[in-house]
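Trainee: My questions all concern the structure below.
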Amino acid sequence: MTSININKEKFGQLIHKEKPVLVDFWAPWCGYCRRIGAAYEKISEEYSDILIAGKVNIDEEPQIAEAEKIEIIPTLVLYRDGKAIDSIVAPESKIMIENFINEALEK
């Protein structure tokens, strides 16, 4: 399963799901965001049994980014039971994202 595009309505519903939700805050003009996009899509497929992966385009949904205090993109935030449990800014590789997920889910 590929990542889900998240809007304001979906955001509140998704982060309260039983599975943890990994959200990529990004923008189309962000070169680094596009560069890690393929790795993020692979993660969304490989981890689909344990989490939901979504993307928030901060240009289209600025109110979500503001409410979540996203200042730098790309930022990945992992939510569980409606709360942000951890985040990572500008991960450099798929391995870095995987390590982030595994460490955050152990908390």
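Trainee: Can you tell me which residue in the stretch 84-107 is surrounded by the most Cβ atoms within 10 Å (Cβ to Cβ), limited to those that are more than 21 Å from A39 (Cα to Cα) and at pLDDT 95 or above?
Mentor: Taking the stretch 84-107 as the starting set, the residues that turn out to be more than 21 Å from A39 (Cα to Cα) are 84-85, 106-107.
From what's left, at pLDDT 95 or above: 84-85.
Values: A84: 15, I85: 13.
Among residues in the stretch 84-107 that are more than 21 Å from A39 (Cα to Cα) and at pLDDT 95 or above, the one surrounded by the most Cβ atoms within 10 Å (Cβ to Cβ) is A84.
Trainee: Please specify each residue of the stretch 6-34 satisfying the condition of being loosely packed, with under 13 Cβ neighbours inside 10 Å and free of Cβ contacts under 8 Å to residues at least 12 places away in the same chain.
Mentor: Correct list: E9, G12, Q13, E18, G31.
Trainee: Oh, and also: Take E60 and tell me if it is in contact (Cβ under 8 Å) with a residue 12 or more places away in the chain and of a type in the set (D, E, K, R). If you could, list the steps in order and put the result at the bottom.
Mentor: Working: in contact (Cβ under 8 Å) with a residue 12 or more places away in the chain: yes; of a type in the set (D, E, K, R): yes.
Here the answer is yes, as E60 does meet what is asked.
Trainee: Further question: Return the residues of the stretch 37-57 that are crowded, with 20+ Cβ neighbours inside 10 Å and over 12 Å from the mean Cα position of the chain (by Cα); say none if nothing qualifies.
Mentor: Scanning the stretch 37-57 gives a single hit, Y47.
Trainee: Now for a different question. Can you pull out the helices (runs of 4 or more DSSP H) entirely within the chain that have at least 1 residues that are among the basic types (K, R)? Break it down stepwise before answering.
Mentor: On the way: elements: 8-14, 31-46, 62-67, 94-106.
Ranges flagged: 8-14, 31-46, 94-106.
The values are calculated or read from the model by the stated rules, or taken from the named source; none is laboratory data. What you see is a predicted model; the values in this text were computed from it and never measured. Cβ: placed from backbone, ideal geometry, glycine included. Neighbour counts: every protein chain shown.
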